[in-house]
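The values are calculated or read from the model by the stated rules, or taken from the named source; none is laboratory data. Owing to the predicted nature of the structure, the values given are computational and were not obtained by experimental measurement. Glycine gets a Cβ as well: all are built from the backbone with ideal geometry, and neighbour counts include every protein chain shown. Accessible surface is based on the protein model in full, side chains and every heavy atom, while ligands, DNA and RNA are left aside. Shrake-Rupley method; radii C 1.70, N 1.55, O 1.52, S 1.80 Å.
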Amino acid sequence: MDDKASVGKISVSSDSVSTLNSEDFVLVSGLGDETPSTNNGSDDEKTGLKIVGNGSEQQLQQELEDVLMDPSVTELVGGPDHLGGVKHGYPTTAVPLRSGPIPPKLEIVLPIQGAQESELNERSYRDEPSDLSPGTPVPDEDSVVFSKLTYLGCASVNAPRSEVEALRMVSILRSQCQMPLDVTLSVPGVSEGTVRLLDPQTSTEIANYPIYKILFCVRGHDGSPESDCFAFTESHYNTEIFRIHVFRCEIQEAVSRILYSFATAFRRSANKAPLAAKASPLTPDSDVFTFTVSLEIKEDDGKGTFSAVSKDKDRQSFKLRPGMDKKIVIYVQQTSNKELAIERCFGLLLSPGKNVKNSDMHLLDLESMGKSSDGKSYIITGSWNPNTPQFQAVNEETPKDKFMYMTTAVDLVITEVEEPVRFLLETRVRVCSPNDRLFWPFSKRSYTESFYLKLRPMENKETKSNLDTLYEVVSLESETERERRKTTASPGIQSCGSHSSMVPSPPEDDEEEDNDEPLLSGSGDVSKECGEKILETWGDLLSKWHLNLAVRPKPLPALVRSGVPEALRGEVWQLLAGCHNNDHLVEEYRTLITKESPQDSAITRDINRTFPAHDYFKDTGGDGQDSLYKICKAYSVYDEEIGYCQGQSFLAAVLLLHMPEEQAFSVLVKIMFEYGLRELFKQNFEDLHCKFFQLERLMQEYIPDLYAHFLNLGLEAHMYASQWFLTLFTAKFPLYMVFHIIDLLLCEGISVIFNVALALLKTSKDDLLQMDFEGALKFFRVPVPKRYRSEENAKKLMELACSMKISQKKLKKYEKEYHTIREQQEQQEEPIERYERENRRLQEANMRLEQENDDLAHELVSSKIALRKDLDNAEEKSDALNKELLITKQKLVESEDEKRRLEEESAQLKEMCRRELDKSESEIKKNGSIIGEYKQICSQLSERLEKQQTANRGELEKIRMKVEGCEKCSILFSKEGRLKVLSTPKEGSEEDTDEEKEALKNQLREMELELAQTKLQLVEAECKIQDLEHHLGLALNEVQAAKKTWFNRTLTSIKTVTGAQGKESV
């Protein structure tokens, strides 16, 4: 078998076991994420594709999982999961996508089978009849017998590996069973054996089910009424009919042991492990195989991820927190001797304490298993819920300075070893308080133990091939046990730190090289450099094309066959797809991304696995993944009939690398609808089967020797070409080649896929002719994509593809042949088979309609809830508005009262102002009369003063004239009228002159006094006038201010509002 295994998903319940008999890929159906499975029992909830061709329904499913899950080895066709068959090359039927469980058809009958019913329908067992018939005694067989069981009955199921449907059937049969039957169950220890139902009284066989026909085992959940029940599904007559058989255990604890026995029986038989050559016997020095097994514990960090827990450096104990979900990660690496192939893990167990019994170990839920990317280690991951009662001891806080032991065991199936190998790890743990600081000074190192597995070759048996060399286990010893033995130490003491420094930590992924690992999607660099002449040629062509976008230029096909320059691909692809006028799609896209998609979980899961090798898409939550999620979500809402299918994300990612997301969505819609890609997903993938038939006919014509080789191997087109058609080569091949294929597809149509496929087959013909079935499948998956990482090889391949002429007429001819063969097959079918197929089709249509009805009902309920919520909001808003209205009305009443009060105050103010105004006016009039009188008096005084002054001047003039005329007087007075001083004046004249002067002076003083009094009276009158004018101005200002007061403004606004409301009410 291939020495590279990949990580496959395991059921979320450890109580379910699958017999998916793949070489290196184990996939068990789970409960799903958020929504129920929609693919009729497909593994894990995804928008999966389930196609039955030549009796191998799961083969195409495996091919599609190969796109996103990167398994190392494709599931073998013809294994236990691929029962039934038809003529080579013609797919017979398809199992459509299923959106809900099909109501069970209860058959509470005894599971009696005839010998013919126990025959295999596949090649390897086709000629081997059943060795026993019911009712015969049971022969001696290596098996485990369980008694005190009750058979509850069986029922038909459509999803044989769906845990949800199996548990539903267990619940129904347990509650409705009216005639339980006491039986004894015999479970074989090898996969060649048969599960038998025995009569507990006579030990005679009631029914038998070969292990290869048993597809799935499941038990009821703990704490539920079905916890004492278990069931298994088996293929009945052929792969299109499946039945589930339900049992109840009188001893509930025995259920786990029964499932463990089934798990042991499911492991692959030794003769199915192909070895290159017969291994030489081991020498005494080469019989020990050394393994290092590392244990890592991860805890939920509260952010949706799991982080490795801390490890105390001093005590070498893991630091755990109570109540947190945990994961156990086991790394197994062989470090010496010939490499042994680890086939799978069928049990990861855990128990508190050390030196525990096997019966005290508890099975954990397996999440994944497989080899690391470098192929050096085998990694097993299991989930651990510490809140369950059996793990209570490691979920309670440990006292300070103390620790406890925890035992972990992993059971591995090694191809070359006859029996399973169990590696047991005992490590110290401490449960700390949730508030403790766990990240310093502790280290995050794993616990590592070395194991020494001693083997010896088994003697050849009749059932073993001469080319097979199997070994049996002589002893298995850990490094700790070896140190104890050497030092004769007490068995209760363990040295946990003596070896941890010598053994490396779990290996990290190395850089991908030329090994057996598939090429990561999105690999390869594409240069934007281009010759100047080529760019000029394309520039001229695009200039002419833009003048008339409705017509493609004639030189366009020849230029596209040579490859579109990377710098121009975004523009050219949009023009080729006819998206130059896509405003309506752009607007619709912006609306679609706001809606919810029913396939959101599948899209989210696939986005993280699309183009992981490309920088733009490798970051979780980055711009690339965000845009890719929007496009896939928008299309799933846009195309309700097809929705989102695996492979669409790769095509969308290719488009996103060349254009914005709105334009990428438009081109994706054009490719799906106008180029016919969505037709491959319709009508149970009928068109896809037709494409497979056309490819095989083209191979028969162009590569007849390779066609004949594939025919001899039983290798059909759907086993290797499914993702070529569904993903347009975008999933696995280098980007340089992918971009060139999209160039041709947009220019010439989807038939280009046939050219590329034939070119691939033709260039790989010499290698394929030398390979067997498994080698050919592996060659298609790993070496073929890696071969074209070289740009030169990719160019040669595309040149060959373009040189191959495949006419549409020929393809139409092959299509007619296919439909003719299909019609003949349908006519040759037995009426019962035809009716059963028609019944299944009607049931599927009914289930689809029921799902649509459920969706509509859900939408209706959601709408009613939304309307009820809107109505409640409206009612709340109405209540709030009513309250506001009442408050407003109350304020209005208060405002009207305030208005009346203000009106009264205004009237009072007006009356007061009027009185003051009248008083002011009367005072003004009085003052005016006083002023008039004063002015009259002043004028009279002025006139009198002027008259007096005139008279005085006249008298003075007369006196002066008299003085001048008198000789005596002229001597006494000068011309200016001043008195002259005489030396010898006469006394008589002096006395007369003095009297006269005195009289004049007195008269002058009186006149001056009278003048001063008059002026004083005038000043007083002017002051009084100014006072009166000032009082008048104040009074006028007060009147004016009273008119413009805020009361008036408030009253005016109230009047305005009142008037407006009155008009509205009218």
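Values as computed for the structure displayed
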{"read-out": "Sole residue being open to solvent by 70 Å² or more (accessible area, probe 1.4 Å) and either basic (Lys, Arg) or more than 24 Å from GLN1040 (Cβ to Cβ) (or both), chosen from GLU894, GLU903, GLU923", "value": "GLU894"}
{"read-out": "Cβ-Cβ under 9 Å pairs, at least 6 apart or on other chains, region 340-368 side closer than 24 Å to SER317 by Cβ, far side among the β-branched types (Val, Ile, Thr) and assigned to a loop (DSSP other than H, G, I, E, B)", "value": "HIS362/THR388"}
{"read-out": "Region 936-949 - residue that is touching a residue at least 12 places away in the same chain (Cβ under 8 Å) and open to solvent by 70 Å² or more (accessible area, probe 1.4 Å) and, of those, nearest to HIS1031 (Cα to Cα)", "value": "ILE937"}
{"read-out": "Residue count for region 647-665, restricted to those that are buried (at least 24 other Cβ atoms within 10 Å of the Cβ) and part of a loop (DSSP other than H, G, I, E, B)", "value": "1"}
{"read-out": "Any hit, region 715-726, residues being among the small types (Gly, Ala, Ser) and open to solvent by 10 Å² or more (accessible area, probe 1.4 Å)", "value": "no"}
{"read-out": "Region 836-872 - residue that is open to solvent by 100 Å² or more (accessible area, probe 1.4 Å) and at pLDDT below 80 and, of those, nearest to ILE241 (Cα to Cα)", "value": "ARG841"}
{"read-out": "Set GLU799, GLU838, GLU817: member being more than 36 Å from the chain's Cα centre (by Cα), closer than 30 Å to GLU566 by Cβ and not small (Gly, Ala, Ser)", "value": "GLU799"}
{"read-out": "Test set (1) open to solvent by 60 Å² or more (accessible area, probe 1.4 Å); (2) modelled with pLDDT of 85 or more; (3) of a type in the set (S, T, N, Q) - SER807 fails condition number", "value": "(1)"}
{"read-out": "Counted residues, region 147-164 - those being in a helix (DSSP H, G or I) and open to solvent by 10 Å² or more (accessible area, probe 1.4 Å)", "value": "1"}
{"read-out": "Subset of region 616-630 (residues that are within 17 Å of LEU592 (Cα to Cα) and either in contact with a strand residue (DSSP E or B) (Cβ under 6 Å, 6 or more places away or on another chain) or among the aromatic types (Phe, Trp, Tyr) (or both))", "value": "TYR629"}
{"read-out": "Positions within region 366-380 being surrounded by 19 or more Cβ atoms within 10 Å (Cβ to Cβ) and part of a strand (DSSP E or B), in sequence order", "value": "LEU366, GLU367, MET369, GLY370, LYS371, SER377, TYR378, ILE379, ILE380"}
{"read-out": "Region 785-804, residues that are open to solvent by 50 Å² or more (accessible area, probe 1.4 Å) and not polar (S, T, N, Q)", "value": "ARG787, ARG789, GLU791, GLU792, LYS795, LYS796, GLU799"}
{"read-out": "Members of region 302-323 that are surrounded by 19 or more Cβ atoms within 10 Å (Cβ to Cβ) and at pLDDT 80 or above", "value": "VAL309, SER317, PHE318, LYS319, LEU320, ARG321"}
{"read-out": "Segments classed as helices (runs of 4 or more DSSP H), wholly inside region 952-1066, with at least 1 members that are farther than 30 Å from GLY928 by Cβ and modelled with pLDDT under 65", "value": "987-1043, 1046-1065"}
{"read-out": "MET847 being in a helix (DSSP H, G or I) and under 30 Å from GLU641 (Cα atoms)", "value": "yes"}
{"read-out": "Residue satisfying all of: in region 563-618; open to solvent by 60 Å² or more (accessible area, probe 1.4 Å) and among the acidic types (Asp, Glu); farthest from SER666 (Cα to Cα) among these", "value": "ASP615"}
{"read-out": "PRO557 vs. criteria at pLDDT below 85 and either open to solvent by 70 Å² or more (accessible area, probe 1.4 Å) or of a type outside the set (A, V, I, L, M) (or both)", "value": "no"}
{"read-out": "Qualifying residue in region 545-559 (condition: closer than 17 Å to LEU744 by Cα, touching a residue at least 60 places away in the same chain (Cβ under 8 Å) and over 24 Å from the mean Cα position of the chain (by Cα))", "value": "yes"}
{"read-out": "Spans of strands (runs of 3 or more DSSP E) in region 216-301 with at least 2 residues farther than 26 Å from SER143 by Cα and at pLDDT 85 or above", "value": "288-300"}
{"read-out": "Checklist (1) buried (at least 19 other Cβ atoms within 10 Å of the Cβ); (2) touching a Lys or Arg at 6+ places or on another chain (Cβ under 6 Å) applied to PHE403, failing item", "value": "(1)"}
{"read-out": "Single condition LEU680 does not satisfy, out of (1) at pLDDT 90 or above; (2) of a type in the set (A, V, I, L, M); (3) open to solvent by less than 10 Å² (accessible area, probe 1.4 Å)", "value": "(1)"}
{"read-out": "Flag for ARG605 being touching a residue at least 60 places away in the same chain (Cβ under 8 Å) and either over 18 Å from the mean Cα position of the chain (by Cα) or not in a loop (DSSP other than H, G, I, E, B) (or both)", "value": "yes"}
{"read-out": "Count of region 844-877 residues which are within 26 Å of the chain's Cα centre (by Cα) and of a type in the set (S, T, N, Q)", "value": "3"}
{"read-out": "Residues located in region 381-396, provided they are touching a helix residue (DSSP H, G or I) at 6+ places or on another chain (Cβ under 9 Å) and assigned to a strand (DSSP E or B)", "value": "TRP384"}
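Conditions (1) aromatic (Phe, Trp, Tyr); (2) in contact with a strand residue (DSSP E or B) (Cβ under 6 Å, 6 or more places away or on another chain); (3) more than 19 Å from GLU815 (Cα to Cα), marked per residue:
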site	(1), (2), (3)
LEU698	no, no, no
GLU701	no, no, no
LEU706	no, no, yes
LEU715	no, no, yes
TYR720	yes, no, yes
LEU726	no, no, no
PRO734	no, no, yes
VAL738	no, no, yes
ILE742	no, no, yes
